[in-house]
Structure formats: C-alpha cells, structure tokens
1. So what is the 222 nm mean residue ellipticity for the chain from helices alone, if each DSSP H run of at least 4 adds -39500 (n - 2.57) and you divide by all residues, rounding to the nearest 500 deg cm²/dmol?
2. Considering Cα pairs under 8 angstrom that are at least six residues apart, work out the relative contact order of region 3-58 and quote it in whole percent.
3. What is the set of long-range amide H partners of L9 at a cut-off below 5 Å, with H atoms built 1.01 Å from backbone N?
4. Please report, in debye to the nearest 20, how large the charge dipole of the chain is about its Cα centre when each Lys and Arg carries +1 at its beta carbon and each Asp and Glu carries -1 there.
5. Measure off 7 Å from each Cα along the Cα-to-Cβ vector at Q23 and V64, then give the distance between these two points in nanometres to one decimal.
6. Using only Cα atoms and rounding to the nearest 10 degrees, what angle (0 to 90) does helix 45-58 make with the longest principal axis of the chain?
7. Find the accessible area per residue for the chain; the probe is 1.4 Å, ligands and nucleic acids are left out, and the unit is Å².
8. Which of rounded, prolate or oblate describes region 3-58 when judged by the alpha-carbon gyration tensor and an a/c cut-off of 1.5?
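The values are calculated or read from the model by the stated rules, or taken from the named source; none is laboratory data. Quantities reported herein were computed from a predicted structural model and do not represent experimental measurements. So basically every Cβ, Gly included, is an ideal-geometry build from the backbone, and we count neighbours across all protein chains shown. These accessible areas exclude ligands, DNA and RNA; they are computed on the full protein's heavy atoms, side chains included. Shrake-Rupley method; radii C 1.70, N 1.55, O 1.52, S 1.80 Å.
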Amino acid sequence: GRYVMGDKLGEGSYGKVKECLDQDTLQRRAVKIMKRKTLRRIPNGEQNVQREIQLLRRLRHRHVISLCDV
C-alpha cells in the first residue's frame, strides 16, 4: 500500500516509531524504523529484531499488535 507518514509516537534504543496512514485502506498503522548501523552497536541487536519479526509473524492475539509488513 501507499503510506503517508505522520507524527513520531516514540523512540528507543533500537529506533523510532512513527504513525502512518495506509492511503488504500485508510487504516492507521505504526512503523518501526531501525538502522542496521545502530543495530550492530547493540549486543545481539540484529538477532533480537529478527526474533521479534519471527514471533510477530506467528502470533495472533487481540491484545498483541499484528505485523503487516517488513
């Protein structure tokens, strides 16, 4: 889909999270933005992100965010 970026929602050691709008469905989403350069400086940073992606791909629960795309 086509996304329009909005305000920053938060920031942490791994990167920042911004709000965006999917222009096709008009759904609000959150985008987590991380730089590989930053992840390499964090011990196990890249592996932790890969693990998070794998878990979110499999997890389906109403109280947990769902992963749309990577």
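1. About -8500 deg cm²/dmol.
2. Relative contact order here is 23 percent.
3. Close amide H contacts, sequence-distant or interchain: V17, K18, E19.
4. 260
5. It works out to 3.3 nm between the two label points.
6. With rounding to tens, the tilt is 40 degrees.
7. Accessible surface, normalised per residue, equals 86 Å².
8. It is oblate, given that a/c is not under 1.5 and a/b is not larger than b/c.
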